[in-house]
Amino acid sequence: MKRYFSSFSPILYGLIIFCTAFCIMAGFIHPAFLAVAVAVSLAALGYTLWSIAKLRKKTFAVIDAAVGGLDSGKRPAISNTPLPVAITEPGGEVLWYNDLFAQLFPKKGQLYGEDATRLVQGLNMEKARTPVGSEVNLQGRYFTAFLAEAGSEEEHVLLLYLVEITKLKQDSIEFGLSRPAVLTLLVDNYDDVLQSYKDSEKARITGEVERCLENYIGQTTGILIKVSNRKFYAVVEYRHMRKFIDERFAVLDRIRKILVDGKIPITLSIGVGMLPDTLSENMKNSSHSLDMALGRGGDQAAVKTINGYDFFGGVSKGVEKRTKVRARIIASALKELCQGSEQIFIMGHKFSDLDSVGSSVGLCRALRMLGCHAFAVIDYDTTLSQPLVARIQEADQGDIFIDADSAQETVDKNTLVIVMDTHAQNMVDRPQLVDRAGAVVVIDHHRKRVDYIQGAVLFYHEPYASSTSEMVSELLGYLNEDDRIEQVFAEALLSGIVLDTKNFAVKTGVKTFEAAAYLRSLGADTVEVKRLFSSSMEAFRSRTAIVTSAKIYHQCAIAVAQEDVDDMRVVAAQAADELLEISDVKASFVLFSQGSQVNISARSMGQLNVQVILESLGGGGHHTMAGAQLRETSLEAAVDMLKQSIDMYYKNNHIAD
C-alpha cells in the first residue's frame with residue numbers, strides 16, 4: 001500500500017517547483033504580487049498534503065472496516081482469533097492488525113505502513129512460510145511467527161500471526177539446564193604414593209580428598225557417591241557443568257595441593273558424560289572419557305562432546321604405575337596372535353625415528369625367533385633413522401626390513417599389522433596397511449589422542465613409559481625366555497630409549513633403567529648407540545644457527561630455521577633439545593618450513609606440557625616431547641599462532657612468568 005501513496009510524490013514535487021517559480025516571477029513584477037503568490041502557493045500545498053493524509057487515513061479505515069465489519073456468518077476467522085495477527089503486503093508493509101498485535105508494540109502507536117520484518121525482530125519470512133515457523137523474541141516473550149498467503153495471484157497479501165511459546169520455551173530451557181551429567185573421578189596415584197604409609201596417613205589423605213570433592217560437588221544440586229578410596233561418581237545438572245567447564249575444573253588444582261610428606265602431590269582424573277543421552281549412556285561416556293584422561297597421563301578432565309573430547313588440565317607429569325603382570329599378559333596375548341597369523345608387518349609412524357624403528361626391529365626379531373613370518377616396514381626415503389638401518393644391514397640382518405610399497409602390495413586379511421610408537425590413524429607410515437589388515441595391534445607410549453586407531457584387537461598403551469622401546473624390552477623377557485636377540489637389536493632398542501629420554505634426563509622411571517640394564521646384558525654397546533646420534537658438519541652448523549637465532553617468550557625458547565638441509569627434522573629436534581640447556585628455559589620450540597607446510601618440534605623438561613600447547617594447533621605427542629604440522633601457513637604466521645597457544649596455556653593453567 002505504501003507504494004500506492006508514494007505515487008503522489010512526483011505530483012507533490014511538481015507542485016512545489018511550480019509554486020516556487022510562480023513566487024519568483026511574481027516578485028520580479030511587484031512586491032504585492034509576491035505576497036499574493038506566496039499565500040496562494042501555501043494554500044495549495046497545504047490543501048494537497050491534507051488531502052493525501054485524509055486519503056491515507058480513509059484507506060486504512062476502509063481496510064479495517066473490510067476486515068472487521070462483516071457479519072458473524074461471513075467474518076473470517078482472522079477477526080476473532082485470540083492470536084496477534086497482522087495483514088501485510090508481500091514486501092512486508094503492514095496493512096491491518098488486531099488489538100493483540102498492537103499491544104506487543106505499545107510505544108509504536110499506529111502500525112500502518114510499518115515494515116513487519118523491522119517491527120518483528122528476527123522474523124524470517126521464508127522460514128515463517130513453513131510448518132515449523134520462525135521463532136522470534138518480543139519484549140522477553142517468545143513467539144513462533146507463521147505466514148499464510150491470501151487473495152488472488154494478481155493481488156495477494158500475507159497473513160502474519162504469532163503463537164506465543166514463552167512457557168514452552170522456558171520449560172525447554174529448564175529441561176536442558178536440569179539434564180543430568182555423569183562424572184567419574186579417580187585419584188591417579190593413591191595406591192602408588194600411599195602403599196608404604198600407615199593407615200592413619202592413608203586416612204588423612206583420603207579424608208582431605210573426600211572433603212575437597214564434597215565441597216566441590218556440594219556447591220551444586222548434584223550428588224557424590226564414593227565407590228572406593230580412589231574412585232567416586234557424581235551426578236550434576238548441566239547448568240552446574242557449564243560452570244565447572246568455564247572454571248576449567250578448578251578441583252584439579254585443589255586436589256593437587258594435597259601433599260604427601262609435604263612434597264608429593266595427589267592428582268585427580270575426571271571423565272565426564274554430558275551429551276543429551278540417557279543416564280546410562282552418559283555413564284558409559286563418562287567411563288570412556290576417564291580412559292581418555294588416563295591415556296593422556298592423568299591429572300586432567302576429559303569431557304565427551306558431539307565432536308569428540310575436550311580436555312582440561314594435564315599440567316603434571318605422568319606417574320609410573322605399571323606392573324609386570326600387565327606386561328606378561330600382553331606378551332602372552334601377542335604371542336598367541338602372532339603365531340596364528342600367516343604374516344606380520346610391524347610399522348611405525350611417518351618419518352620414523354630411532355624409537356619407532358628400534359622398537360619395530362627389536363619386536364620383529366623376537367617374533368622371528370618364535371617362528372613367525374614377521375617384517376619391519378620401512379620407508380627408506382622418509383625415515384630419520386638411516387644410521388640405524390645401515391647398522392642393521394651391515395650386521396647381515398637387512399632381510400628383516402620390507403619396503404613400505406612392497407608391504408602394501410602383499411597385505412591381506414590374513415596379515416597382522418603391529419603399529420609401533422603411535423596410535424593415531426593418520427600418523428602411521430602407511431595407513432593402507434591398517435585398513436587392509438585382518439587384525440591390528442597397537443603398542444605406544446604417547447598420550448592418547450582422540451583420533452586413535454579403532455578396532456585394534458590388542459591396544460597396549462602406556463603413557464607412563466619413557467618410550468616404545470622400553471615397552472618392547474619389557475615384553476622380550478616374556479616372549480623369548482630362552483633365546484636372546486642379537487647385540488645389534490639390543491642397541492636399536494637402547495637407542496630408542498636414549499632418544500626419548502634425552503640420555504635418561506627426562507621421563508625416566510624404575511622400569512626405564514631396568515630395561516636399559518636388560519639391554520646391556522644382551523650386549524648393547526653404549527658407544528655404538530652414541531654413534532647413531534652423530535650428524536654431519538652441515539647439520540651441526542645448521543643446528544648451531546637455529547640455537548643462536550632463538551628468542552625467549554614466556555620462558556619458552558622459540559627458534560625459526562631459515563636454512564633447509566636434508567635431515568632438517570632431525571636437526572630441528574636436536575636444536576630443540578639443546579635449547580633446553582639455556583637457564584630459565586622451560587620449553588623449546590623449533591619451526592621450519594617444507595613447502596607450504598610449517599613443522600614444529602617441541603621439547604620440555606617437564607615443567608610445561610608441550611603436548612597441551614601444540615594440541616590447540618592440531619599437534620600431539622607427550623608431556624616433554626611433541627610436534628605439530630601447520631598446512632598452508634607461513635613461518636611468521638606460525639610463530640604468531642604458537643605464541644597465542646602459549647598465552648592460552650599460561651592463562652588456562654594460571655601460570656606466572
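Quick one: which residue in Ser287, Ser228 is at negative phi, in contact with a strand residue (DSSP E or B) (Cβ under 9 Å, 6 or more places away or on another chain) and surrounded by fewer than 17 Cβ atoms within 10 Å (Cβ to Cβ)? Don't jump to the end; show me each part of the working.
Values: Ser228 fails: in contact with a strand residue (DSSP E or B) (Cβ under 9 Å, 6 or more places away or on another chain).
Every option except Ser287 fails the conditions.
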- Message: Give all pairs with beta carbons closer than 7 Å in which a residue from segment 644-656 that is in contact (Cβ under 8 Å) with a residue 40 or more places away in the chain meets a residue that is assigned to a helix (DSSP H, G or I) and buried (at least 17 other Cβ atoms within 10 Å of the Cβ); count only pairs at least 6 apart in sequence or on separate chains.
- Response: Ile646/Ile613; Tyr649/Val612; Tyr649/Ile613
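Which one is nearest to His288 (Cα to Cα) among residues in segment 420-468 that are of a type in the set (Phe, Trp, Tyr) and part of a strand (DSSP E or B)? Give the derivation first.
Here is the first cut: in segment 420-468, the residues of a type in the set (Phe, Trp, Tyr) are 452, 459-460, 464.
Going one step further and asking which of them are part of a strand (DSSP E or B), we end up with 452, 459-460.
Details: Tyr452: 13, Phe459: 15, Tyr460: 16 Å.
The selected residue is Tyr452.
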- Can you name every residue in segment 621-649 that is surrounded by fewer than 17 Cβ atoms within 10 Å (Cβ to Cβ) and more than 18 Å from Ser596 (Cβ to Cβ)? Lys643, Gln644, Asp647, Met648
- Message: Just to be sure before I move on: is Asn307 over 22 Å from Ser616 (Cβ atoms) and of a type in the set (S, T, N, Q) in the structure I sent?
- Response: no
- Message: For segment 420-468, give me each residue that is aromatic (Phe, Trp, Tyr), surrounded by fewer than 24 Cβ atoms within 10 Å (Cβ to Cβ) and either closer than 17 Å to Ser360 by Cβ or out of contact with any Lys or Arg (no Cβ under 8 Å at 6 or more places or on another chain) (or both).
- Response: Tyr452, Phe459
- Query: In segment 341-355, is there at least one residue being surrounded by fewer than 24 Cβ atoms within 10 Å (Cβ to Cβ), modelled with pLDDT under 90, of a type in the set (Gly, Ala, Ser) and outside any helix (DSSP H, G or I)?
  - Reply: no
- Item | Residue check, Ala575 buried (at least 17 other Cβ atoms within 10 Å of the Cβ) and closer than 19 Å to Val506 by Cβ | yes
- Message: For segment 59-81, check the following and say yes or no: at least one residue is within 17 Å of Leu159 (Cβ to Cβ) and modelled with pLDDT of 70 or more.
- Response: yes
- Is there a residue being touching a residue at least 12 places away in the same chain (Cβ under 8 Å), under 18 Å from Asp640 (Cβ atoms) and in a strand (DSSP E or B) anywhere in segment 560-578? yes
- Look through segment 535-549, keep the residues that are modelled with pLDDT under 80 and not in a helix (DSSP H, G or I), and return whichever of them is farthest from the chain's Cα centre (by Cα). Ser536
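Evaluate the following for Asn599: is it under 26 Å from Gly308 (Cβ atoms), at pLDDT 90 or above and under 23 Å from the mean Cα position of the chain (by Cα)? First the steps, then the outcome.
Values: under 26 Å from Gly308 (Cβ atoms): yes; at pLDDT 90 or above: yes; under 23 Å from the mean Cα position of the chain (by Cα): yes.
The answer is yes for Asn599.
How many residues does segment 380-390 contain that are in a loop (DSSP other than H, G, I, E, B) and either over 37 Å from the mean Cα position of the chain (by Cα) or without any contact (Cβ under 8 Å) to a residue 12 or more places away in the chain (or both)?
Result for segment 380-390: 1.
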- Subset of segment 391-409 [of a type in the set (S, T, N, Q) and under 37 Å from the mean Cα position of the chain (by Cα)]: Ser406, Gln408
- Taking segment 506-559 on its own, how many of its residues are exposed (fewer than 14 other Cβ atoms within 10 Å of the Cβ), of a type in the set (A, V, I, L, M, F, W, C), in contact (Cβ under 8 Å) with a residue 12 or more places away in the chain and farther than 29 Å from Asp482 by Cβ? 1
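The values are calculated or read from the model by the stated rules, or taken from the named source; none is laboratory data. Predicted model, so just to flag it, every value in this text is computed and none were measured. For neighbour counting, all protein chains shown are included, and Cβ atoms are generated from backbone atoms with ideal geometry for every residue, glycine included.
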